[in-house]
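The values are calculated or read from the model by the stated rules, or taken from the named source; none is laboratory data. Predicted, not measured: the structure shown is a model, and the values here were computed from it. The accessibility values were calculated without ligands, DNA or RNA, using every heavy atom of the protein model including side chains. Shrake-Rupley method; radii C 1.70, N 1.55, O 1.52, S 1.80 Å.
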Amino acid sequence: MGGCHSYPSATEADGKTLQPSDISNEKLGINNNNQEVRPYLQQQYVCQRITHTDMFALTALPPGVDKAEWLASNTVAFFKHINLFSSALSEFCTPSTCPTACGPGNTVYVWTDDHGRKLKCSAPLYFDYAMSYIQDLLTDEDVFPTKAGSVFPTGFFFLVQKVFLLLFRTLAHIYWSHYKEALALGLHAHLNTLFTHLTLFCRQHALLDSEDIEPLQDLITALGQHG
């Protein structure tokens with residue numbers, strides 16, 4: 001079981017890499033969550049992609065492929081892509097810049113531990129918990145078996161839903177709290193592509209509820225108009 005998709009590098013046709021001076025004169029790493037205009041919805045940014053691949057075809061279950069296997073291989077691939085992407089911005093996400101794990105509209109994400117206790121923690125700690133939790137699941141042979149003939153456990157679909165909720169929240173935090181850094185690093189086209197792929201995959205396979213995606217529904221709608 002391995003990754004089933006990858007993204008090409010951006011080309012000059014995707015637009016020039018933006019420099020920090022093109023965005024604002026604010027310091028990178030200092031959140032500006034309360035802005036009325038969400039920059040990721042602006043026309044010049046929302047239309048940026050790094051590939052023109054048919055995302056609907058990419059996310060659909062291929063004929064003859066077991067659905068659990070398809071979910072498992074895509075879960076692994078999305079985790080690798082999103083973990084890598086968030087790592088590129090990790091120096092800007094600190095307990096001082098992000099004292100809470102928040103998304104658009106200042107939605108606050110609270111971690112629930114193994115004992116059911118809700119922990120309000122900083123964004124870097126929340127997403128460290130999230131990535132560690134996902135990594136542990138993906139390396140557990142009883143949950144994500146890699147040997148031929150192995151059977152996926154009862155409740156596998158529920159666990160996949162939980163993984164994709166955490167991955168969605170990771171991208172939501174990046175859009176809300178670190179979009180200017182993504183712009184400065186020229187990663188906004190990659191971010192749009194990854195987010196579009198994730199949300200379409202979740203829609204195709206009923207992995208997220210409407211209330212889960214509501215904080216970024218405006219972006220999903222905007223990206224769909226430019227697909």
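Lys-Lys pairs in region 98-227 that are eight or more residues apart or on separate chains and whose Cα atoms lie under 27 Å of each other come to 4. For region 152-227, report the accessible area per residue in Å² (1.4 Å probe, heavy atoms, rounded to an integer). Counting only protein heavy atoms, the per-residue value for region 152-227 is 34 Å². Split the accessible area of region 176-219 by element, probe 1.4 Å, and carbon with sulfur accounts for 50%.
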